[in-house]
Amino acid sequence: MKVLVTGHEGYIGRVLTPLLQAHGHEVVGLDSGLFAECIFGPPPVDRIPTIRKDLRDVTLDDLKGFDAVIHLAALCNDPLGNLNRELTVQINYEASLRLAELAKKAGIRRFLNSSSCSIYGAAGQRCVTEAAELQPVTAYGECKRDLEKGLQQLADDRFSPVHLRNATAYGFSPALRLDLVLNDFVAHAFVHKRILILSDGTPWRPVVHVEDISRAFLAALEAPRDRIHGEAFNVGLDEENYQVRELAELVAEIVPGCRIEYAPGGGPDRRSYRVDFSKIRQFLPAFRPQWNARKGIEQLYQAFKRYGLRADDLEGPRFKRLGHVRSLMEAGVVNSDLRFAVVSSSPKG
Ligand SMILES: NC(=O)c1ccc[n+]([C@@H]2O[C@H](COP(=O)([O-])OP(=O)(O)OC[C@H]3O[C@@H](n4cnc5c(N)ncnc54)[C@H](O)[C@@H]3O)[C@@H](O)[C@H]2O)c1
């Protein structure tokens, strides 16, 4: 299939696109390049033809000739959503829905939406299936919920939206993110021999390896239409629901000499959800996850040793989405609406 992957230079995209190519799909990427330089380890060798564009500026012409869209581009994570709610709504909801409308107009039949388990929000102790009430507690989560709803209204005989509600990702990607809970714990354990838990450690957080998320996209791309049309799938594994403190304890078992500390005043955190992952196993049997948190921690620990993760990688903005976006804004590389500033070479006056 000829597949357009938006946000292909991000954490998931840098793992997903080579997997799609290895399975014989023709991949074109679309990305504004916000994190193009934020690479950990050797530069990626795969060459992906790229439409260098902001999602908000996509035209019908950009979408001609594709069989499917995998839509990853977004402002990712809760603090980034809180930085500027309006920007998150513009990109994660409005421009994303518009992309789907154009894709449908262009005759693209399948639209894989990278959604998130964070739309369950404050789900408490019960284990939620895809039928559960959505109670997002952040702008990011609300946009994911609203986008799913909007995409469902476009579903018909010629257009199949699919929503992959990913658990929180972990694991090595060349576009490393250290603002994801497990990656952050391993990085702190490696650099400072100390994990700081900001909550009281009780919130539930299902986690899934970035390669397994990529496998889920591949399975949904290749599945018969009647298996995926208009469906939402939780992406992860039942046995990979952890409380935050359990994740920290696992890291401390693997990274030598590391201790766990709790930030003073850390409360229970409203974002807590345990998730049931049986539907994806049943509907998409080609999805066979290969990782668990323990293996992922070992993978990251080895990668940090091999490529030398340093304190400034951890404290600086490079591998944190909010920090990097802020530093691009402060340096004037992007303007306040997150578009790359155009440098004029024409003389003044
Ligand atoms: N990583 C996770 O734990 C996780 C969990 C659930 C869902 N998701 C979803 O999966 C998708 C990818 O996540 P990720 O972790 O790879 O994020 P990421 O931040 O690493 O990548 C996002 C990519 O989108 C691009 N992008 C952002 N705004 C853009 C715009 N206006 N125009 C064009 N490109 C733009 C960025 O340059 C970046 O390359 C997102 O939709 C995210 O919400 C991620």
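The values are calculated or read from the model by the stated rules, or taken from the named source; none is laboratory data. Being a predicted model, the structure only gives us computed values, none of them experimental. We place every Cβ from the backbone using ideal geometry, glycine too, and count neighbours over all the protein chains shown.
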So the helices (runs of 4 or more DSSP H) completely within the range 227-327 holding 2 or more residues that are touching a residue at least 12 places away in the same chain (Cβ under 8 Å) and within 16 Å of the ligand (Cβ to nearest atom) are 244-254, 293-307
Note on Val45: of the conditions (1) within 15 Å of the ligand (Cβ to nearest atom); (2) within 26 Å of Phe304 (Cα to Cα); (3) surrounded by fewer than 17 Cβ atoms within 10 Å (Cβ to Cβ), unmet is (1)
| Residue check, Ala100 assigned to a helix (DSSP H, G or I), at pLDDT 95 or above and under 24 Å from Leu221 (Cβ atoms) | yes
Checked the range 148-194 for anything within 15 Å of the ligand (Cβ to nearest atom), among the polar types (S, T, N, Q) and either touching a residue at least 60 places away in the same chain (Cβ under 8 Å) or surrounded by fewer than 18 Cβ atoms within 10 Å (Cβ to Cβ) (or both); matches are Asn166, Ser173, Asn183
Note on Thr202: of the conditions (1) farther than 18 Å from Ala248 by Cβ; (2) of a type outside the set (A, V, I, L, M); (3) away from the ligand (no atom under 12 Å from the Cβ); (4) surrounded by fewer than 20 Cβ atoms within 10 Å (Cβ to Cβ), unmet is (1)
Over the range 326-345, the set of residues in contact with a Pro (Cβ under 8 Å, 6 or more places away or on another chain) and not basic (Lys, Arg) is Ser327
Given the conditions (1) assigned to a strand (DSSP E or B); (2) closer than 25 Å to Arg318 by Cα, every one holds for Leu4 apart from (2)
Checked Gln21, Gln90 against criteria (outside any loop (DSSP other than H, G, I, E, B), in contact (Cβ under 8 Å) with a residue 24 or more places away in the chain and more than 10 Å from the ligand (Cβ to nearest atom)); the one match is Gln21
Somewhere in the range 218-226, is a residue under 25 Å from Trp204 (Cβ atoms), of a type in the set (A, V, I, L, M, F, W, C) and not in a helix (DSSP H, G or I)? no
Ser116 meets each of (1) surrounded by fewer than 22 Cβ atoms within 10 Å (Cβ to Cβ); (2) in contact with a strand residue (DSSP E or B) (Cβ under 7 Å, 6 or more places away or on another chain) with one exception, condition (1)
Only one of Leu63, Leu72, Leu30 is more than 8 Å from the ligand (Cβ to nearest atom), touching a residue at least 40 places away in the same chain (Cβ under 8 Å), crowded, with 19+ Cβ neighbours inside 10 Å and not β-branched (Val, Ile, Thr), namely Leu63
